[in-house]
1. When Thr295, Thr300 are ordered from fewest to most other Cβ atoms inside 10 Å of their Cβ, what list results?
2. Sticking to Cα atoms, compute the Rg of segment 257-300 to one decimal and its Dmax as the biggest Cα-Cα distance, whole number, in Å.
3. Once Lys and Arg get +1 and Asp and Glu get -1 on their Cβ, which of Ala381, Pro368, Gly351 lies farthest toward the positive end of the dipole of segment 308-389?
4. Taking R0 as 56 Å, what FRET efficiency do you get between Leu25 and Arg279 from their Cβ-Cβ distance, rounded to the nearest 0.05?
5. Give, rounded to the nearest 20 debye, the magnitude of the charge dipole that segment 308-389 has about its Cα centre when Lys and Arg contribute +1 at Cβ and Asp and Glu contribute -1 at Cβ.
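Read the figures in this text as sums done on the coordinates, not as results from a lab. Keep in mind that what you see is a predicted model, and the values were worked out from it rather than measured. Note: ideal-geometry Cβ built from the backbone for every residue, glycine included; neighbour counts use all protein chains shown.
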Amino acid sequence: MIAIVQEIATSVGYLERPAVGLQLLVVALPLLVGSGIRRWQGIATPMGRWRRPIGLGVALLGLLALKLAGIPHGFGVFLLLLVMGWEALNPLDRLLARCMPPEPRAQLMSSLIRPLYLLAAAGALLDQLQNVRDLALLPLTLLGNTLTVGQLFLAVLLVYLVLVGSGPPAAGLAWLARRTLGLTQSSQRAMALIFRYTVVGLGLLLVFSNLGLNATAVVAVAGGLSVGLGFGIKEIFSNFVSGLWLLFEGSVRPGEVLMVDGDPCEVRSLGLRAAVLWRDRDNAELVIPNQTFFTESTVTYTRSDRLRRSELMVGAAYRHNPEQVIPLLEAAAREVEGVLPEPPPRAFLVGYGDSAINYSLRFWIANPMRNVSVRDGVGRAIWTTFASHGIEIPFPQRVLHHPATESGSGGA
């Protein structure tokens with residue numbers, strides 16, 4: 001470890017040379033100024049879209065001036081090439097956008113392509129500052145085994161590639177299994193996850209075996225961690241198993257509408273740890289652990305179809321004949337957008353209250369997430385219909401009699 005620190009210190013010392021510092025200034029300063037062209041004193045400028053080309057062009061002119069002046073400029077050219085390579089990833093991103101969905105494309109760029117470029121750029125930069133081969137041969141001790149920095153770096157790189165790059169092959173195998181075995185889409189997602197974690201597990205074992213780590217030491221460390229973290233990861237493991245079961249069973253699927261605390265919520269995604277649900281009334285996303293769907297009852301409106309029966313209670317005065325009120329309620333519901341004509345709206349007399357006859361108007365809607373807005377439209381239509389036909393909606397009234405006032409008026 002001390003040898004590694006010494007090598008890094010030697011590389012930092014290289015950057016302290018005046019010629020190297022001048023090249024850094026010539027490359028970095030135009031790029032920083034160019035990035036500030038987009039907004040000047042809070043006002044967007046028309047040159048904002050050209051800020052990167054302008055910065056790169058000024059840096060290139062600065063390096064050309066160094067060459068004409070006979071000042072070393074090779075390190076500056078190298079840095080400029082690294083920046084241009086990073087900028088070239090933007091056209092690649094736009095090209096991938098034409099042939100890939102947004103979410104997989106963003107994941108591919110942010111999790112694989114850009115990190116690999118940064119890793120390659122860091123390695124090339126380190127090679128400019130210090131001999132990478134000498135640094136890779138420095139020894140390290142890990143779990144009783146002597147390794148080199150190069151072996152450890154390669155192992156970490158392979159682990160990262162296995163973790164990130166195992167997704168597309170696993171998805172392809174799951175799609176092939178679905179086409180071959182006739183599986184459902186939910187089973188395909190579950191199988192893709194199982195394939196991915198199988199590949200990850202085999203990849204980790206392969207990396208450990210190539211490193212030549214002491215198996216006894218690895219088992220001892222894993223056993224100690226399992227005992228120490230057992231209580232902490234119990235819930236995580238339970239949610240992991242619950243997520244796989246939900247994906248296989250298909251009882252909770254993306255796009256399904258569930259009732260959570262009295263509000264309809266749409267399932268946006270189902271992961272191995274938790275499900276993400278969207279609530280319409282406040283545009284909130286709820287993260288619910290998977291095991292909740294096994295320990296608590298869940299109401300769904302989309303298990304077999306998306307139809308939902310809604311209900312609205314309304315009262316009418318006693319002097320109005322129910323044979324007149326019920327057809328008006330049903331006709332008002334039929335005129336509202338979002339109420340299905342089949343099954344038709346039905347109104348029922350459900351009880352006699354203190355000041356009104358209580359009616360229940362029941363109607364069907366196609367989208368459970370629109371229940372509140374459709375109920376609002378039906379309520380407004382009932383008010384308009386009752387007003388046009390002279391139907392009164394009574395409300396409870398109380399008349400208070402003061403004893404002292406009554407006795408005083410009687411004595412007079």
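1. Thr295, Thr300
2. Gyration radius and largest Cα-Cα distance of segment 257-300: 9.8, 27 Å.
3. Pro368
4. 0.60
5. Computed charge dipole of segment 308-389: roughly 160 debye.
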